[in-house]
Amino acid sequence: MAASQTLPPPPFNSDFEIISVQVIDPKENQIRETDVNEFDYSQRGQWLRAAVLGANDGLVSVASLMMGVSSVKQDTRAVIVAGFAGLVAGACSMAIGEYVSVCTQRDVEVAQMRREKRKGGNDEKLPNPAQAAVASALAFAVGAVLPLLAAAFIRQYKLRIAVVVSVASVALVVFGVVGALLGGTPVAKSTVRVLVGGWMAMATTFGLTKLI
């Protein structure tokens, strides 16, 4: 009976983790263990969260803001100005919030590394606050500009509202699918969750603003 062959370990990659699985050798009719590469989606957690949340926040916030203004004012200019102000304010807020959050995280990690006296070669692994801030602001702006472009040249009140809701819905579906594929999560569940959440935000803003 031939001895089972052991596969050499794969090269190190931060996006992959090594797991041990059992493989049946057809010649020996025995179960043996081997190492395989499996993509570790958790490594994408930080930047994926910032990008997906930023784009979703931009889309839902500005679309909801435009819906709220449209509920009490039919003037196209007022809706566009409100949406643009929401885009700028939201992008700045996302950038500042992400910068402060990542700075705090970085300080905690540096303090822990100093306590463990292992700071030397791990500096490049520390989170970058400026990079996170810029990424969040850009992601927010990308999401926010979609409803703005959709309503910019439509003067008819009801048609403008329908177009904003339609464009926002399509974009939410796209964001949900992309986020699920990049994160390795169920596509249908993630997409429905994002879409329903966006609808609820727009409907709530429209209704409460009109009521007030």
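Of the residues that make up the range 178-190, is at least one more than 16 Å from the chain's Cα centre (by Cα), more than 16 Å from Ala63 (Cβ to Cβ) and charged (D, E, K, R)? No, there is no match, as no residue in the range 178-190 is more than 16 Å from the chain's Cα centre (by Cα), more than 16 Å from Ala63 (Cβ to Cβ) and charged (D, E, K, R). Being at pLDDT 50 or above, more than 25 Å from Lys158 (Cβ to Cβ) and surrounded by 13 or more Cβ atoms within 10 Å (Cβ to Cβ) is a description that does not apply to Ser70.
Figure legend. Inter-residue proximity from the range 170-191: first residues outside any helix (DSSP H, G or I), second residues crowded, with 19+ Cβ neighbours inside 10 Å, beta-carbon distance below 7 Å, spacing 6+ or different chains. Indicated pairs: Pro186/Ala180.
Comparison of Phe206, Phe175, Phe153 shows that the only residue that is within 16 Å of the chain's Cα centre (by Cα) and among the aromatic types (Phe, Trp, Tyr) is Phe175.
Condition test on Leu195, is it more than 21 Å from the chain's Cα centre (by Cα) and assigned to a helix (DSSP H, G or I)? Here the answer is no, as Leu195 does not meet what is asked. Out of contact with any strand residue (DSSP E or B) (no Cβ under 6 Å at 6 or more places or on another chain), under 13 Å from Ala55 (Cα atoms) and of a type outside the set (Ser, Thr, Tyr) - does that describe any residue in the range 94-105? Looking through the range 94-105, at least one residue is out of contact with any strand residue (DSSP E or B) (no Cβ under 6 Å at 6 or more places or on another chain), under 13 Å from Ala55 (Cα atoms) and of a type outside the set (Ser, Thr, Tyr).
Residue-wise test of (1) assigned by TED's automatic domain parsing to the domain that holds Gly58; (2) part of a helix (DSSP H, G or I); (3) loosely packed, with under 12 Cβ neighbours inside 10 Å; (4) touching a residue at least 24 places away in the same chain (Cβ under 8 Å).
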| position | (1), (2), (3), (4) |
| --- | --- |
| Val102 | yes, yes, no, yes |
| Ala111 | yes, yes, yes, no |
| Arg114 | yes, yes, yes, no |
| Ile154 | yes, no, no, yes |
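Considering only residues in the range 124-152 that are free of Cβ contacts under 8 Å to residues at least 40 places away in the same chain and touching a helix residue (DSSP H, G or I) at 6+ places or on another chain (Cβ under 6 Å), the one that is farthest from Cys103 (Cα to Cα) turns out to be Ala150.
The values are calculated or read from the model by the stated rules, or taken from the named source; none is laboratory data. Just so it is clear, the structure is predicted and the values come from calculations on it, not from any experiment. Because the Cβ atoms are built from the backbone with ideal geometry, glycine has one as well, and the counts that use them run over all protein chains shown.
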